[in-house]
Amino acid sequence: MTRWGVLVVWLAACEPGQSQPPATASDGLALAVARGEFPRTTSALLEHAGEPVYERYFDGADAKTLHDPRSVGKSITALAVGVAVTEGKVASVNDSAFEHLADLAPFAHDGPVKAAITIADLLTMSSALACDDEAEQSPGNERNMYPERRWARWALG
């Protein structure tokens, strides 16, 4: 299990409508980190209704430690899509992604190939959009995004 997996498992311990997870869940997380089961885990934060219900730091980190959470964003996005499908706001992950992002249109390089990209393609990082952070010349290299005003629209372009 990855370092992020532990947090997802811990969140799953919360019952619907419960404002805080069971105490044993947070105790288990701290013990697992201390035993080295989740190396490189530096922090865990859970908020409910805008209030922290669990906040712990490990391995010398504190509230001011900067993190690079990009992979966490992918997991949270997948969870949000799952909620949208469950609530009927999205019929399927096989829907065209760009139909659900129409408020960001027009898209650069629009056409039938881009219109065929599904939500599942984006979730599995198999959309074929040019976004190689290892290649400076890639149009989707994240460094090209920083000066842009609307990052989501830039990414879809």
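We did not get these values from a lab; they are worked out from the coordinates using the rules stated. What you are looking at is a predicted structure, and each value in this text was computed from that prediction instead of being measured. Note that each Cβ is placed from the backbone with ideal geometry, even for glycine, and that neighbours are counted across all protein chains shown.
Note on region 47-157: the alpha carbon radius of gyration divided by the globular reference 2.2 N^0.38 Å gives 1.29. Straight-line cross-link reach from Lys89 at under 17 Å between alpha-carbon atoms covers these aspartates and glutamates, not counting any fewer than eight positions away in the same chain: Glu99, Asp103.
What net charge is computed for the residues neighbouring Asp133, neighbours being all others with C-beta under 11 Å from the C-beta of Asp133, Lys and Arg scored +1, Asp and Glu -1? With Lys, Arg at +1 and Asp, Glu at -1, the neighbours total -2. Extension gain, Leu45-Asn94: 0.36 nm per intervening residue step, less the Cα-Cα distance, totals 14.4 nm. What is the distance in Å between the Cα centres of region 43-69 and region 123-157? Region 43-69 and region 123-157 have Cα centres spaced 28 Å from each other.
For region 18-157, averaging the sequence separation of C-alpha pairs within contact (under 8 Å, six or more residues apart) and dividing by the residue count gives a relative contact order of 13 percent.
Each Lys or Arg adds one and each Asp or Glu subtracts one; over the other residues with Cβ under 9 Å from the Cβ of Leu45, this totals -1.
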